[in-house]
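Down below is the structure, laid out as structure tokens.
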Amino acid sequence: MKKLLLAAAMLTTLVTTNAFGAKKGKVAKQKIEIVNRPGLALGSDIPGWVLAVLEGDNKTIAKALKIDMKESQIFVFSNQGTDLEFLKNWTDQVDVQRQVANSFSLAVGQSANAVFQGTSGDENSKKLAMDQTIKAISAIELNGLLKESQYWIQFRKPKQGVKINKKSPDSAFDYYYEYYVVFTMSRDIYDAQLDAALNGMEDNASETVLLKKAVAEKLREPLLDKIADPDVEYVEEK
């Protein structure tokens, strides 16, 4: 795969939003129905790794798929749309680099949130540390990604502003698919490139040192490009 290029300005916006966004107030959970998926007619369960993706629990993914994290780095990608076959082809063959960039940016944002939130210090120094980290990981090349598993779910949710009852017609809902796919990469190759990228950063501030350490740990976990929404409850249609 060609060298992964990250748009630093765009990712800085994403990371800043994730890291320092205001907390939401309590709201009623939106129920989104699962209307179709592999194995639904037979009554089989949704695979554990997919449930982990929906819940944003990246640490459960490796265990559910029985992937040895000492041997492999895990990337989990997802896309949403109304055409399932297009989603599969687009996600597997075309959109991989963008989704890896999303995974990296989310990891930096989560690390920044853990390291900086609630601490005193110069905001410009924090932003500079984030910018430097994003620039550093843009040097990582991803070669040898291997597809491990895939799954899809068809959902429906009420159209905005429409009140739903038991007699509501199909036209009152939006129907869409989500496609999930897991790729792995040799741990040795990935770690060598990650170490080289982060070691190339200049430790010119305490914020940079702290963030670089946190990011190094975060980027060795399974990486998701999907943020779980705590205000959503998924239910199986009956």
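The values are calculated or read from the model by the stated rules, or taken from the named source; none is laboratory data. Keep in mind that this is a model prediction, so the values were computed, not measured. Virtual Cβ from ideal backbone geometry, glycine too; neighbours counted across all protein chains shown. In case anyone asks, the SASA skips ligands and DNA or RNA and just uses the protein heavy atoms, side chains included. Shrake-Rupley method; radii C 1.70, N 1.55, O 1.52, S 1.80 Å.
Numerical summary
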| quantity | calculated |
| --- | --- |
| Close pairs (7 angstrom Cβ cut-off, 6 or more residues apart or separate chains): open to solvent by 40 Å² or more (accessible area, probe 1.4 Å) in segment 31-47, among the acidic types (Asp, Glu) and assigned to a loop (DSSP other than H, G, I, E, B) anywhere | Glu33/Glu237 |
| Failed condition for Ser44, given (1) of a type in the set (Gly, Ala, Ser); (2) over 16 Å from Ala214 (Cα atoms); (3) not in a loop (DSSP other than H, G, I, E, B) | (3) |
| Residues satisfying the stated conditions in segment 143-202, i.e. farther than 20 Å from Ser103 by Cα, assigned to a strand (DSSP E or B) and open to solvent by 70 Å² or more (accessible area, probe 1.4 Å) | Tyr175 |
| Asn102 being surrounded by fewer than 22 Cβ atoms within 10 Å (Cβ to Cβ), in contact (Cβ under 8 Å) with a residue 12 or more places away in the chain and either closer than 30 Å to Arg37 by Cβ or hydrophobic (A, V, I, L, M, F, W, C) (or both) | yes |
| Glu123 surrounded by 15 or more Cβ atoms within 10 Å (Cβ to Cβ) and acidic (Asp, Glu) | no |
| Pair list, Cβ < 6 Å and 6+ apart or interchain, from segment 105-117 residues that are modelled with pLDDT of 85 or more to residues that are in a loop (DSSP other than H, G, I, E, B) | Ala107/Leu219 |
